[in-house]
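Working notes, beginning with the structure itself.
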Amino acid sequence: SFPPRIFPPRIFPPMTDDALATLFHPFEAGHLPPPGAARGWLAFGMPAGLAVPADFAAPLAVAQADRARFLALTAAGFAATPVAEGEGYGGALVHLGRHRAENEAWLAEALARVVPGGTIVAAGHKRDGAASLARRLAALGALEGRLSKHHGVVFWLARPERLDAEALAAWRGPPAKPVDGRFETAPGGFSHDRADAGSRLLAAHLPDDLSGRLADFGAGWGYLSVALAERAGQGARIDLYETHHGALEAARRNMAALAPQAVCRFFWHDLLGEPVTARYDAIVMNPPFHRGRAAEPEIGRAMIRVAAAALAPGGRLLLVANRQLAYEETLARCLAAHGTLAEADGFKVLWGRARG
């Protein structure tokens, strides 16, 4: 279980999402009738700060895999779950993102959970491939309407009486191959199609003497956690913290299959918005430094501060970062000692030790 509040408060910018405005445009412009309150609608990928038009009366069941956005939507009064639940919805809204496989999965979920004849509306930025997705659906003869607005594309279709499973499978393409032949991943999570070079560098330079209570902050689908379990050996105790629900579930399966000797706990957790109450002898992490397309090094600095506070006396922090990111000043302020373990291919592996 998790605290129902966000602590410390997670700040989101004012809602100026062009794709969200595009999504509701067909209702506001009269191309689609606003749904009534008799039957609920399902929504995917909704951002924090979601607001629906006043005449959109259908209650929304929001599927949001990102923990921070889930918490913000729940605090705003929306009924949110990490994955879609239930069926028989009158329609669905899909706020398309940057990940093609995740967009396709959302549309497939909408088709499966909406009643025959129900309306499915999807919108996203042109730069994220929304127009291409609309064209592919149009080739299947599925689209009923399409518009361009607010630098984005919105399109809609009626859920057919009978789903053509073969055509839908061909549209989605074959399932993703396991990374390195053994790791399951999740669409929408970080580096869902490969182990990124930074994580590989950190995994290669993990010390051999790691023991005690260990943690992976921002664990993704578990690449570093598996490496950590292999270094720590029999009886390793590892806590995995990850904000993307699908990635965390993939990590759960990967740890069971690839590191069955490890004793693990899994936390769907926003490290920058929810407190970490446990204390660790070592923490590994590959902190993000982007929010969408914008580089925000403060995210990495904030994660260093969170990790430093979660270390037991004398505990160690091991992280990888792009070489140009100046995290050393933050390490110096938060920890008793720090240094560099390795540098290669534009990345650096940093270490820090908590005060004893």
note = When the charge dipole of the chain is computed with +1 on Lys and Arg Cβ and -1 on Asp and Glu Cβ about the Cα centre, the Cα farthest towards its positive end, among Gly233, Leu111, Leu319, belongs to Leu319
ask   = Using alpha-carbon pairs under 8 Å, 6+ residues apart, how would you state the relative contact order of the chain in percent?
value = 13
remark   = Here the gain from full extension of Asp196 to Ala257, 0.36 nm per residue of separation minus their alpha-carbon distance, amounts to 19.9 nm
key: Nearest-20 debye value, region 114-239 charge dipole, Cβ charges on Lys, Arg, Asp, Glu   = 560
Per residue accessible area in Å² of the chain, where ligands, DNA and RNA are left out and the probe is 1.4 Å = 46
ask   = So which aspartates and glutamates can Lys348 reach, going by Cα to Cα under 12 Å and dropping same-chain residues fewer than 8 places off?
value = Glu328
key: Simple Cβ-charge dipole of the chain, Lys/Arg +1 and Asp/Glu -1, about Cα centre, in debye nearest 20   = 400
query = Toward the positive end of the charge dipole of the chain, about the Cα centre and with charges on Cβ (Lys, Arg +1; Asp, Glu -1), which of Phe183, Thr330, Thr74 goes farthest?
reply = Thr330
message = Could you tell me the calculated FRET efficiency between Thr277 and Glu298, based on Cβ-Cβ distance and R0 = 22 angstrom, to the nearest 0.05?
response = 0.40
message = Could you tell me how far the Cα centroid of region 187-250 sits from the Cα centroid of region 13-75, in Å?
response = 34
inquiry  = Quick check for me: using +1 on Lys/Arg Cβ and -1 on Asp/Glu Cβ, what's the dipole size of region 40-177 about its Cα centre, in debye to the nearest 20?
reply    = 540
ask   = Once both axes come from the Cα atoms, what is the angle between helix 245-258 and the longest principal axis of the chain, in degrees from 0 to 90, rounded to 10?
value = 50
task = Counting helices only, and only those DSSP H runs with n ≥ 4, report the 222 nm mean residue ellipticity of the chain as the sum of -39,500 (n - 2.57) divided by its residues, in deg cm²/dmol to the nearest 500.
result = -9000 deg cm²/dmol
ask   = Hey, what does the equivalent ellipsoid look like for region 30-130, semi-axes from the Cα gyration tensor as sqrt of 5 times each eigenvalue, largest first, whole Å?
value = 19, 17, 14
request  = Treating cross-link reach as a plain straight distance, find the aspartates and glutamates whose alpha-carbon is under 12 Å from the alpha-carbon of Lys177, omitting any fewer than eight places away in the same chain.
outcome  = Asp193
request  = Using a 1.4 angstrom probe on heavy atoms only, work out the carbon and sulfur share of the accessible area of the chain in %.
outcome  = 53
key: Inter-part distance where region 99-154 and region 304-356 are each reduced to a Cα centre, Å   = 43
task = May I have the pair-distance distribution P(r) for region 95-204, computed from all Cα-Cα distances with 10 Å bins from 0 and rounded to whole percent?
result = 13, 40, 29, 14, 5, 0
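The values are calculated or read from the model by the stated rules, or taken from the named source; none is laboratory data. Here the structure is a predicted model, which is why all the values come from computation and not from measurement. Cβ: placed from backbone, ideal geometry, glycine included. Neighbour counts: every protein chain shown. SASA here: full protein model, heavy atoms, side chains in, ligands and nucleic acids out. Shrake-Rupley method; radii C 1.70, N 1.55, O 1.52, S 1.80 Å.
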